[in-house]
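The values are calculated or read from the model by the stated rules, or taken from the named source; none is laboratory data. All figures in this text were calculated on a predicted structure; none of them were measured in a lab. Cβ sites come from the backbone with ideal geometry, for glycine too, and all protein chains shown count toward neighbours. Protein only, heavy atoms only, side chains kept; ligands, DNA and RNA dropped before computing areas. Shrake-Rupley method; radii C 1.70, N 1.55, O 1.52, S 1.80 Å.
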Amino acid sequence: MTANAKRISLTQYLVEEQRLHNTVPGELRLLIEVVARACKTISHAVGKGALGEVLGSAGIENVQGEVQKKLDVLSNEILLEANEWGGHLAAMASEEMETIHPIPNRYPMGEYLLLFDPLDGSSNIDVNVSIGTIFSVLKAPEGMVTPTEEDFLQPGAKQVAAGYAVYGPQTVLVLTTGDGVNCFTLDREMGSWVLTQRNMQIPVDTKEYAINASNARHWYPPVQRYINELQQGKTGPRGKDFNMRWIASMVADVHRILNRGGIFMYPADAREPNKPGKLRLMYEANPMSFIVEQAGGAATNGTQRILDIQPESLHQRVAVFLGSKNEVEHVTGYHRDA
Ligand code: P6P
């Protein structure tokens, strides 16, 4: 972004989306802005790292409560406290909470449901590797009076917005409201989100894959065969060399793929035959799949489009293959002829 380019803020972008494409009603815009502000607060807390721990040990409570709270629990509280009073939400659900979080009676209820993984990849925080927040927005069902878990169990195709923040060298917010994918970079001096990438598009082909290769002995045969073919490089059936990256932060791996293509995989494996995979459908796979598809990519569980999956429980897991469209279609073929 050149220095004198007109800076477009998140608010201006959302207002113009509503004016031009009618895709962001006022209540949804306000909800997204609240989530974005919460991500700023989380970014600040994450950025303190050990310094935040030092502050707490002097007996001074930090800004969010006891400093010994793990950052993922702290991030969860930041999102809950930021979102419960605004009047946009009927309820929230989080990876950190077993049950849904209704809006307290003292606040008005709104028409949206918010789901989030408050701090994804948090095992990386201790080694200063990028982590992030993932969020998904659904409409509350017509006529709903008291929110229940069942109200959240909507296929990912019903999402009205999804996004993630990456707390890395830069703090970025990637967002879709169903009209493409845009990236906003946090201007730390001004405290504002600035549009830095418009209408992100994932290259349809790739030479880069992301999978935790230490699980290879547990993969089912189709995945073993597929990865083996990638590793054979240009002398093998794919006729080209591939590179591998695995950050163990879905937000960081997906952000790389959004920018330069790739395929991200967390397949089901023999470690837990009755579990379809590690990642959660509602607040990891669905929002990321919405974003990836809106950027021209594809997202499947190996046999079905992830956004078409009818959820059966709030914390259910799913196998994930997402990224460059042609590569995702290629790997899906392996599962069909398992
Ligand atoms: P593994 C982080 O815990 C996470 O949910 C995703 O962000 C990441 O892609 C995956 O799990 C990493 O899993 O088994 O490699 O540690």
| query | Going through segment 300-328 one residue at a time, which ones are assigned to a strand (DSSP E or B) and within 14 Å of the ligand (Cβ to nearest atom)? | reply | ARG317, VAL318, VAL320, PHE321, LEU322, GLY323
| request: Please state which of the following conditions ALA285 fails to meet, knowing it meets all the rest: (1) within 16 Å of the ligand (Cβ to nearest atom); (2) over 15 Å from ALA162 (Cβ atoms). | output: (2)
| said: For segment 112-171, give me the residue count where each residue is more than 16 Å from the ligand (Cβ to nearest atom) and either under 23 Å from THR23 (Cβ atoms) or buried (at least 22 other Cβ atoms within 10 Å of the Cβ) (or both). | reply: 21
| request: Output the number of residues of segment 14-38 satisfying the condition of being in contact (Cβ under 8 Å) with a residue 12 or more places away in the chain and assigned to a helix (DSSP H, G or I). | output: 16
| query | Looking only at segment 207-242, which residues are assigned to a loop (DSSP other than H, G, I, E, B) and within 16 Å of the ligand (Cβ to nearest atom)? | reply | ILE211, ASN212
| field | When residues of segment 247-267 are limited to those that are part of a helix (DSSP H, G or I) and more than 14 Å from the ligand (Cβ to nearest atom), the one nearest to ILE100 (Cα to Cα) | value | LEU258
| task | For segment 83-104, indicate whether the set of residues that are buried (at least 19 other Cβ atoms within 10 Å of the Cβ), in a helix (DSSP H, G or I) and either modelled with pLDDT under 95 or of a type outside the set (Ser, Thr, Tyr) (or both) is non-empty. | result | yes
| request: Output yes when any residue across segment 268-284 is assigned by TED's automatic domain parsing to the domain that holds ARG217, open to solvent by 20 Å² or more (accessible area, probe 1.4 Å), part of a helix (DSSP H, G or I) and of a type outside the set (A, V, I, L, M, F, W, C), and no when none is. | output: no
| query | On the given criteria, is SER192 surrounded by fewer than 20 Cβ atoms within 10 Å (Cβ to Cβ) and small (Gly, Ala, Ser)? | reply | yes
| note | So, first residue under 13 Å from ILE8 (Cβ atoms) in segment 187-201, second residue modelled with pLDDT under 95 and open to solvent by 90 Å² or more (accessible area, probe 1.4 Å), Cβ within less than 6 Å, six or more apart or across chains; the pairs are VAL194/ARG7; THR196/MET1
